[in-house]
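The values are calculated or read from the model by the stated rules, or taken from the named source; none is laboratory data. Note that the coordinates shown come from a computational prediction; the quantities given were computed from them, not determined experimentally. Note that each Cβ is placed from the backbone with ideal geometry, even for glycine, and that neighbours are counted across all protein chains shown.
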Amino acid sequence: MTEAKFTPRVFSGIKPSGGLTLGNYLGAIKRFVGMQGPAFETIYCVVDLHAITVWQDPVDLRNATREVAAGYLAAGIDPAKSVLFNQSQVHEHAELGWIFNCVARVGWMNRMTQFKEKAGANAEKQSLGLYAYPSLMAADILLYHATHVPVGEDQKQHVELTRDIAAKFNHDYKVDFFPLTTPVIDGPATRVMNLRDGTKKMSKSGESDMERINMTDDADTISKKLKKARTDAAPLPEKVEGLEGRPEAQNLVDIFAALSDMTPEAVIAEHGGAGWGTFKPLLADLAVEKLAPISGEMARLMADPAEIDRILGQGAEKARAIAAPVLKRTYDIVGMLRN
Ligand code: TRP
């Protein structure tokens, strides 16, 4: 498959389930902002259809959808440069998702580690949607013929499955229609960890609020949480290799690096040997400088939900202008009759 056949186009999405954390910001939104520009067309989505794979209270879901949109906007996603919308307003996602349910194999889904982790011993009690979720994700991406998908490490397997679906579709129908999308996994903070346990991912649903930084946290809260973050007793190592086996230290260095657009190597070159009493206040100040303006802007945006809804509605129209012809063509390829 030649890359040149397809316009360089980025697609990514965030689920509106619970609030946004520093993990969403550093691992996703900040990188999405960085990809806006002449090199790519950029399409960013609030994937509400994915959120209901586990129960969501309807009122909370609508609020969370607006909050993710506000997070995107506050962090610098510009509706004049990117298509920004919520998934359910473009019905083509669900329709292509169905076609892909008929392309993907049960055996492929059975290999998805995220489902296994989420479902645990209770797989039988999960929604069928949670199990089939990766084929809807493939539809999100391929509906726009997206060539690049910035995601965290945990989504790599789903993007590989997207490639498998595209390849099987192209093969079965003898076409060269869907691109083989490249996952873009870069930067030091594609996996931001829990501030109380550096072996667990920072999650929006963990029991203690001290284990995460929310994108809506104010300056004092951000500072307090970072200063109280768990660490081991040793100072920062003199070389990055010294972070191995020290998950909390690794995480704080990665967060510092991502916030300051440095590599972890450069952070260690500057701060190696420092004790936590020195490094944590520096990290806290840096985080406040970068994040407090965003949380302030989110609060301002959230005070005017009608404006957010208007932006998402306009984005949905732009998205549909790309998606509708791709779905029509797919239906033609598959043999669906239409006038
Ligand atoms: N599965 C992603 C997550 O849980 C969210 C998502 C849905 C997504 N559709 C996508 C990400 C398409 C990238 C591209 O984080």
Could you please give the count of residues in segment 103-125 that are surrounded by 14 or more Cβ atoms within 10 Å (Cβ to Cβ) and modelled with pLDDT of 95 or more?
-> 5
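Taking the conditions exactly as written (in contact (Cβ under 8 Å) with a residue 60 or more places away in the chain and out of contact with any helix residue (DSSP H, G or I) (no Cβ under 7 Å at 6 or more places or on another chain)), does Lys5 satisfy them or not?
Values: in contact (Cβ under 8 Å) with a residue 60 or more places away in the chain: yes; out of contact with any helix residue (DSSP H, G or I) (no Cβ under 7 Å at 6 or more places or on another chain): yes.
Considered against the rule, which asks whether it is in contact (Cβ under 8 Å) with a residue 60 or more places away in the chain and out of contact with any helix residue (DSSP H, G or I) (no Cβ under 7 Å at 6 or more places or on another chain), Lys5 comes out as yes.
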Subset of segment 143-192 [among the basic types (Lys, Arg) and either under 15 Å from the mean Cα position of the chain (by Cα) or within 12 Å of the ligand (Cβ to nearest atom) (or both)] = Lys156, Arg191
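From the set of residues in segment 159-196 that are closer than 30 Å to Met215 by Cβ and among the acidic types (Asp, Glu), which is surrounded by the fewest Cβ atoms within 10 Å (Cβ to Cβ)? Let's see the steps before the verdict.
In the first step, residues of segment 159-196 are kept if they are closer than 30 Å to Met215 by Cβ; the result is 159-162, 181-196.
Now restrict to residues that are among the acidic types (Asp, Glu): 160, 186.
Numbers: Glu160: 16, Asp186: 10.
Top of the filtered list is Asp186.
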Val103 is checked against (1) over 27 Å from Arg31 (Cβ atoms); (2) under 21 Å from the mean Cα position of the chain (by Cα); (3) not in a helix (DSSP H, G or I) and fails just one. What number does that condition carry?
-> (2)
Given the structure, is Gly129 within 15 Å of the ligand (Cβ to nearest atom), closer than 30 Å to Glu244 by Cα, touching a Ser or Thr at 6+ places or on another chain (Cβ under 8 Å) and assigned by TED's automatic domain parsing to the domain that holds Asp48?
-> no
Which listed residue is surrounded by 13 or more Cβ atoms within 10 Å (Cβ to Cβ), modelled with pLDDT of 95 or more and under 30 Å from Arg62 (Cβ atoms), from Val334, Val326 | Val326
List every residue pair whose Cβ atoms lie under 6 Å apart, where the two residues are 6 or more positions apart in sequence or sit on different chains, the first residue falls within segment 27-43 and is of a type in the set (S, T, N, Q), and the second residue, located anywhere, is not in a strand (DSSP E or B).
-> Gln36/Lys81; Thr42/Met35; Thr42/Gln36
Quick check, is Asn63 within 24 Å of Arg300 (Cβ to Cβ), in a helix (DSSP H, G or I) and within 16 Å of the ligand (Cβ to nearest atom)?
-> no
For Lys290, are the conditions met, namely being outside the structural domain of Met215 (by TED's automatic domain parsing), surrounded by 12 or more Cβ atoms within 10 Å (Cβ to Cβ) and outside any loop (DSSP other than H, G, I, E, B)?
-> no
Does Ala94 qualify as being free of Cβ contacts under 8 Å to residues at least 24 places away in the same chain, of a type in the set (Gly, Ala, Ser) and away from the ligand (no atom under 11 Å from the Cβ)?
-> no
Cβ pairs under 7 Å, 6+ apart, first in segment 145-162 and farther than 18 Å from Lys116 by Cβ, second within 8 Å of the ligand (Cβ to nearest atom) and among the β-branched types (Val, Ile, Thr) = Val149/Ile141; Val149/Val159; Val151/Val159; Thr162/Ile141
Of the numbered conditions (1) among the hydrophobic types (A, V, I, L, M, F, W, C); (2) within 16 Å of the ligand (Cβ to nearest atom); (3) part of a helix (DSSP H, G or I), Ala74 satisfies every one except a single condition; which is it?
-> (2)
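Of the residues that sit in segment 16-50 and are of a type in the set (D, E, K, R) and under 28 Å from Glu289 (Cβ atoms), which one is surrounded by the fewest Cβ atoms within 10 Å (Cβ to Cβ)?
Quick first cut of segment 16-50, residues of a type in the set (D, E, K, R) only: 30-31, 41, 48.
Pick out the ones that are also under 28 Å from Glu289 (Cβ atoms) and you get 30-31.
Details: Lys30: 20, Arg31: 22.
Checking each candidate, the answer is Lys30.
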For Asp48, which of the numbered conditions (1) of a type in the set (D, E, K, R); (2) away from the ligand (no atom under 14 Å from the Cβ); (3) closer than 15 Å to Leu312 by Cβ fails to hold?
-> (2)
